[in-house]
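The block underneath contains the structure these notes are about, expressed in structure tokens.
The values are calculated or read from the model by the stated rules, or taken from the named source; none is laboratory data. Note that the structure is predicted; figures quoted are calculated from it, not measured. No Cβ is skipped: glycine too gets one built from the backbone with ideal geometry, and neighbour counts run over all protein chains shown.
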Amino acid sequence: MSTVLVVDDDAVMQLALTRRLQDQGFEVVNAASGEEALELLTTTAADVVVSDVMMPGMSGFEFCHQLRSKPEGEMVPFIFLSSLGEVTNRVQGHLIGGDDYLVKPFSVNELIAKVRGAIARSQRLHSALERMVQQTATRPDPLPLTPAEERVFWEVVQGYTNKQIGEHLFLSPRTVQTHLSNMLTKLSLENRSQIVRFAYEQGHRLPEESGRG
């Protein structure tokens with residue numbers, strides 16, 4: 001079951017969206033602010049984020065910007081909901097890192113379609129990256145990683161979040177982050193996206209036992 005994080009300070013809107021998404025078979029988690037959402041995402045994985053823009057304190061734009069600056073938030077599909085319908089606002093949302101932008105009032109059916117589409121695109125991307133890594137014929141040099149770091153490396157390549165990696169490998173979030181930081185240093189990389197590209201370009205193949213479908 002896919003999980004949608006709904007971020008909105010309007011309790012009525014939040015409840016309405018939650019009920020409609022749950023009716024469509026999604027698991028829904030809620031946050032009333034960008035700050036609360038960022039805290040929630042440290043322990044809860046989301047397949048899609050749906051966020052209002054105008055909120056007290058941290059705006060949806062700032063929330064998206066901060067989420068994209070975190071390794072675990074770089075590839076999470078992000079949909080803005082806003083009463084700000086000017087082209088400049090929509091452009092700003094996309095430039096910050098949003099994948100889609102719906103102007104209020106909007107059709108809930110359209111939102112649900114966009115959520116499904118975002119999840120499908122994300123899954124296709126992960127599958128394509130996995131196939132490319134598996135099909136690379138060149139035998140690469142051994143990874144300069146410890147066995148524990150290498151296990152985390154392949155989890156990252158498959159697109160799993162720190163929380164999911166911890167669950168798969170029975171590690172604490174702090175331990176996962178430590179392994180990730182060590183990997184980035186040893187490979188001279190800066191973020192998760194570069195790890196995925198590195199695996200593909202260097203011809204590292206995903207071990208069959210690491211595949212999770």
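Checking Ala120 against (1) under 25 Å from Glu190 (Cα atoms); (2) modelled with pLDDT of 90 or more; (3) under 15 Å from the mean Cα position of the chain (by Cα); (4) loosely packed, with under 15 Cβ neighbours inside 10 Å: exactly one of these is not met. Which one?
(1)
Do you know which residues across region 77-103 are in contact with a strand residue (DSSP E or B) (Cβ under 6 Å, 6 or more places away or on another chain) and free of Cβ contacts under 8 Å to residues at least 40 places away in the same chain?
If the condition is that a residue be in contact with a strand residue (DSSP E or B) (Cβ under 6 Å, 6 or more places away or on another chain) and free of Cβ contacts under 8 Å to residues at least 40 places away in the same chain, then Phe78, Ile79, Phe80, Gly85, Arg90, Gly98, Asp99, Asp100, Tyr101, Leu102 are the ones that fit.
How many residues does region 14-26 contain that are of a type outside the set (Gly, Ala, Ser), touching a residue at least 40 places away in the same chain (Cβ under 8 Å) and in a helix (DSSP H, G or I)?
Counting residues in region 14-26 that are of a type outside the set (Gly, Ala, Ser), touching a residue at least 40 places away in the same chain (Cβ under 8 Å) and in a helix (DSSP H, G or I) gives 3.
With the requirement that a residue be in a loop (DSSP other than H, G, I, E, B) and not hydrophobic (A, V, I, L, M, F, W, C), what does region 178-207 give you?
Residues satisfying the conditions are Ser188, Glu190, Asn191, Gln202, Gly203, His204, Arg205, Pro207.
Take the residues of region 156-185 that are among the small types (Gly, Ala, Ser) and at negative phi: which is nearest to the chain's Cα centre (by Cα)?
Gly166
Suppose the filter is assigned to a loop (DSSP other than H, G, I, E, B), out of contact with any Gly (no Cβ under 8 Å at 6 or more places or on another chain) and more than 12 Å from Val115 (Cα to Cα); does Thr43 pass it?
yes
Is it the case, given these coordinates, that Thr88 is β-branched (Val, Ile, Thr) and either outside any loop (DSSP other than H, G, I, E, B) or out of contact with any helix residue (DSSP H, G or I) (no Cβ under 7 Å at 6 or more places or on another chain) (or both)?
In short, yes.
Can you tell me which residue within region 134-150, out of those that are surrounded by 15 or more Cβ atoms within 10 Å (Cβ to Cβ) and either in a loop (DSSP other than H, G, I, E, B) or within 20 Å of the chain's Cα centre (by Cα) (or both), is modelled with the lowest pLDDT?
Here the residue is Thr136.
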